[in-house]
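The structure is given below, and queries will be raised subsequently.
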Amino acid sequence: MLPAPGDWTTALVAAVCAVAVAAAGGIATKTDEWYRRLRVPAWKPPDWAFGPIWAVIFALTASSGVLAWTSAVGARPAIAIAFAVNGLLNIAWSVVFFRLRRPDWALGEIVLLWISVAALILVVGRTSAVAGWLNLPYLVWVSIAACLNLRIVQLNPRRSLV
């Protein structure tokens, strides 16, 4: 679905923000020796799958933002705040897990990220039902990531505190 001619600026801003959050999270994600030594559950997706999954999620979320932004002028401050908080929490999880090497702290942070995705769905869903639904894969993925994070903490009790 292409934006209306006057909405190209909104689409460009949404795309730039999505790429910025993705890039910051990607830079924070360090799959070094520490990460490779972690015990992980057998059901963990392969590392190569995370990039494509996140690309789809960011594309859907940016599209959601464009739909919501163009649907309701009065709700724009709430939409901007919801996306900003969510973007910061998205980046923060990677920093806490990979850079600080604290899966235990990341488990607490991912709860906040999950809440921010749910809030995002509610905020944009008020202006456009489609915008809300576009974030459902994000919520599902963060739910899976939270389960994975929990299992990593359980399998690596000492490494969770390194």
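I'd like the carbon and sulfur percentage of the solvent accessible area for the chain, probe radius 1.4 Å, heavy atoms only, ligands and nucleic acids excluded. Write down the numbers at each step before the final one.
Working: 6520 of 8780 Å².
The nonpolar share, carbon plus sulfur, comes to 74 percent.
Compare W48, W141, W114 in a GNM of the chain, Cα atoms joined below 10 Å, and give the one with the largest fluctuation.
W48
May I ask you to evaluate 6.51 cos²θ - 1.76 cosθ + 1.60, the Karplus curve with θ = phi - 60°, for each residue of segment 146-157 and list the ³J(HN,Hα) values in order in whole Hz, giving x for glycine and proline?
5, 5, 5, 4, 4, 5, 5, 4, 5, 7, 10, x
Suppose R0 equals 22 Å. What FRET efficiency, 1/(1 + (r/R0)^6) with r the Cβ-Cβ distance, do S143 and D32 give to the nearest 0.05?
Details: r = 27 Å, r/R0 = 1.20.
With a Förster radius of 22 Å, E is 0.25.
Over 10 Å intervals from 0, what percent of Cα-Cα pairs in segment 80-158 sits in each interval?
Answer for segment 80-158: a P(r) of 20, 47, 24, 8, 1 percent.
Oh, and also: For segment 1-146, divide the Cα radius of gyration by the Kirkwood radius and give the resulting Rg/Rh value with two decimals. Present the calculation step by step, with values, prior to reporting the outcome.
Working: Rg = 15.8 Å, Rh = 15.9 Å.
Across segment 1-146, the Cα-based Rg/Rh ratio is 1.00.
Using a Gaussian network model on the chain with a 10 Å cutoff between Cα atoms, which of L134, L89, L12 fluctuates the most?
Maximum fluctuation in the GNM of the chain, among the listed residues, is at L12.
Using the heavy atoms of the protein chains alone and a 1.4 angstrom probe, what is the accessible area of segment 6-45 per residue in square angstrom? It would help to have the intermediate numbers written out before the result.
On the way: 2470 Å² over 40 residues.
Accessible surface, normalised per residue, equals 62 Å².
Apply the Karplus curve 6.51 cos²θ - 1.76 cosθ + 1.60, θ = phi - 60°, to the phi angles in segment 123-140 and return the couplings in whole Hz, x for Gly and Pro.
Values per residue, Gly and Pro as x: 5, 6, x, 5, 9, 7, 4, 4, 4, x, 4, 5, 8, 4, x, 4, 5, 4 Hz.
If you find the alpha carbon centre of segment 123-142 and of segment 65-112, how far apart are they in angstrom?
About 14 Å separates the Cα centre of segment 123-142 from the one of segment 65-112.
In addition: If you line up the Cα atoms of segment 64-118 on their principal axes, what length do they span on each, largest first, in Å?
Projected onto the principal axes, the Cα atoms of segment 64-118 cover 41, 16, 15 Å.
On a 0 to 90° scale, report how tilted helix 8-28 is relative to the longest principal axis of the chain, with both axes built from alpha carbons and the result rounded to the nearest 10.
Between the helix axis and the principal axis of the chain, the angle is about 10 degrees.
The values are calculated or read from the model by the stated rules, or taken from the named source; none is laboratory data. Every value quoted in this text rests on a predicted model; they were computed, and no experiment measured them. Virtual Cβ from ideal backbone geometry, glycine too; neighbours counted across all protein chains shown. Just so you know, the surface numbers come from the protein's heavy atoms only, side chains and all, with ligands and any DNA or RNA stripped out. Shrake-Rupley method; radii C 1.70, N 1.55, O 1.52, S 1.80 Å.
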